[in-house]
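Here is the structure we will look at.
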Amino acid sequence: MVATEDVKKTVSQEDGDPNSRNPINYDLLQEGVGVKTSKTRQYLAAMIICLGAVAAGTALAWTSPVLPQITAANSTATNSTTNNSTFTPNTQIQTQIQTQITFNESLFANATSPTPSSSEVLLTDTQKTWVGSLLAVGALFGALPSGYIADTIGRRYTAMVMDVPFILAWLSISFGQTVGWLYVGRFLIGISTGSFCVVAPMYISEIAETSIRGSLGTLFQLLLTIGILFVYVVGAMVSWTTLSMLCLTIPILLMVGLFFLPETPVYLLKRGDRVAANRSLKWLWGKYCDSSSAIQVIQNDLDQTGADASIMDLFSNRASRNGLVISVLLMVFQQFSGINAVIFYTDSIFQSAGSSLDPSICSIIVGVVQVIMTLTSSLLIEKSGRKILLVFSSTVMTVCLAMLGAYYTIKGNGGAASIGWLPLICVVFFIVSFSVGYGPIPWMMMGELFLPDVKGTAVSLTVMINWVCVFLVTWCFGSLQKFGDDVPFWFFSAWMAVATVYVALVLQETKGKTASQIQSWLNGR
């Protein structure tokens with residue numbers, strides 16, 4: 001069926017409302033106009049592209065169960081730790097900082113696998129530091145060019161290209177059996193991890209209807225936590241080489257799935273391929289959707305934005321500049337929430353509460369809580385909205401961090417014996433509040449604050465700054481912890497208080513708003 005522009009008008013044109021034109025969300029179809037959209041394939045497409053998030057999660061958590069297996073003199077260290085009845089958080093934290101760069105890696109820093117490794121690879125402390133840090137280094141190299149590549153060859157083909165380092169990385173880690181190959185694998189896996197942090201949110205934001213844009217946007221963080229939990233559970237039962245080969249299956253499944261996905265309609269129209277854009281919309285929205293009207297609205301907005309913008313255009317345009325500031329600040333608040341500090345102390349907190357659980361079990365519990373609460377966020381985000389969840393998240397984290405700071409202040413002065421249960425309650429509520437707010441929402445909002453002409457550059461810069469913050473916060477925590485176990489918690493509590501005020505006063509709700517309405521807000525209109 002072919003519909004020409006002069007025969008059929010869009011809903012927004014009929015209403016005479018130019019602000020309802022939307023280049024990203026295509027939420028043009030209203031009930032009762034004889035057309036129907038299907039959301040099933042939109043969810044399917046988002047799930048497939050977010051297999052990259054699962055792969056990233058496995059990469060982030062991999063060092064936690066693996067490093068104890070391949071550490072030189074591991075058995076001696078294990079026996080010494082087991083026989084030592086005095087727990088010293090300070091020593092544990094410093095060891096974790098040396099071996100972990102990202103907060104997700106740190107979740108399993110103390111986990112030990114019951115299955116001995118048959119590999120002869122043994123790492124020194126310096127080598128462990130490199131194995132941990134090379135992922136973050138690779139992520140910086142992967143994030144920065146991914147937006148440009150996505151604007152050049154498309155979102156789908158960029159995902160395919162950047163999935164290749166995932167596969168090569170796990171092959172080199174699984175079969176290389178030398179320290180050098182571990183270095184190569186961790187760097188390659190970092191490139192893919194950083195890249196998918198850019199490409200997956202872009203792809204999702206350009207295929208989703210407004211009514212489910214928030215839910216689809218949170219899938220990235222949800223599947224990331226599922227990947228982490230996968231390593232938590234499997235890594236506690238198998239050798240590190242077996243774990244690595246199992247992790248290899250995820251990027252392979254991702255590559256297969258990408259062959260069945262269409263390119264986003266926005267990119268196809270940017271390249272002038274109207275026929276392919278129509279096919280893409282029909283595949284994603286169902287064969288009964290009003291693809292002609294949707295395409296016309298997308299084209300109208302693309303005509304207004306023009307060609308791909310340069311980095312200078314990103315800063316010279318008020319809406320784009322404000323969107324970048326908001327996106328970057330949300331990522332900064334995400335990292336300066338102190339998630340590293342809380343997770344570093346997970347084992348000591350369980351011990352303070354009198355728990356005799358194995359560290360690996362404690363970490364699995366943390367992982368399960370993250371998955372459940374991130375899933376809850378995906379269900380709440382289109383009902384409660386972004387702003388209220390962010391404010392709730394930062395407020396609760398402010399209180400929890402302050403209480404943890406107070407607890408370790410009292411403990412440092414010889415008290416706190418009667419309130420050993422308090423930090424356990426604090427860490428549970430902290431993880432819950434992080435998972436429903438600052439865990440998934442910054443990634444989701446990053447995709448909806450920018451128009452297509454600047455999205456690639458803006459998202460790349462935002463993700464790159466996020467990884468820089470990961471590095472800075474990790475080392476900042478190490479420096480603060482030298483002044484006392486309580487200092488990092490007071491520091492991050494202050495940051496969350498600032499985040500609460502900023503979001504409450506500056507951020508506007510974007511739930512249900514079209515891209516044009518969001519851009520009007522960012523322009524100050």
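The values are calculated or read from the model by the stated rules, or taken from the named source; none is laboratory data. In this text the structure is predicted, and so the values were computed from the model without any measurement. Cβ placement follows ideal geometry from the backbone for every residue including glycine, while neighbour counts extend to all protein chains displayed. Areas reflect the complete protein model, heavy atoms only, side chains present, ligands, DNA and RNA absent. Shrake-Rupley method; radii C 1.70, N 1.55, O 1.52, S 1.80 Å.
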Checklist entry - Roughly how many Å² is the accessible area per residue of segment 364-405, as a whole number, for a 1.4 Å probe? => result 37 Å²
Checklist entry - Per-residue HN-Hα couplings for segment 235-248, Karplus 6.51 cos²θ - 1.76 cosθ + 1.60 at θ = phi - 60°, whole Hz, x for Gly and Pro? => result x, 7, 10, 10, 6, 5, 5, 5, 4, 5, 5, 5, 5, 4
Checklist outcome for this item: For segment 361-450, the percent of accessible surface on carbon and sulfur atoms (probe 1.4 angstrom, ligands and nucleic acids excluded) is 80 percent
Checklist outcome for this item: Of all C-alpha pairs within segment 132-203, those more than 17 angstrom apart amount in percent to 39 percent
Checklist entry - Amide H to amide H, which residues 5 or more places from Leu123 or on other chains are under 5 Å from it, using H placed in the peptide plane? => result Thr71, Ala72
Checklist entry - When all protein chains stay in place, what accessible area (Å², nearest 10, 1.4 Å probe) is found for Arg318? => result 120 Å²
Checklist entry - In whole Å, how far is the Cα centre of segment 204-269 from that of segment 381-433? => result 30 Å
Checklist entry - Hey, what's the Kirkwood Rh for segment 478-524 if you take every pair of different alpha carbons, in angstrom? => result 13.4 Å
Checklist entry - Counting only protein heavy atoms and using a 1.4 Å probe, what share of the accessible area of segment 236-288 belongs to carbon plus sulfur, as a whole percent? => result 71 percent
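Top to bottom by accessible area (1.4 Å), largest first, where do Arg41, Arg156 land? Can you show the working numbers first?
Details: Arg41 105, Arg156 35 Å².
If we order Arg41, Arg156 from most to least accessible, we get Arg41, Arg156.
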Next on the checklist: Around Leu507, under 10 Å between beta carbons, what's the net of Lys plus Arg minus Asp minus Glu among the other residues?
Outcome noted: +1
Item to check | Protein accessible area in segment 131-215, 1.4 Å probe - carbon and sulfur % | outcome: 82 percent
Checklist entry - Taking a probe of 1.4 Å, how large is the accessible area per residue of segment 217-327, in Å²? => result 39 Å²
Item to check | Cα-only Debye scattering, segment 160-242: base-10 log of I(q)/I(0) at q = 0.21 Å⁻¹ | outcome: -1.05
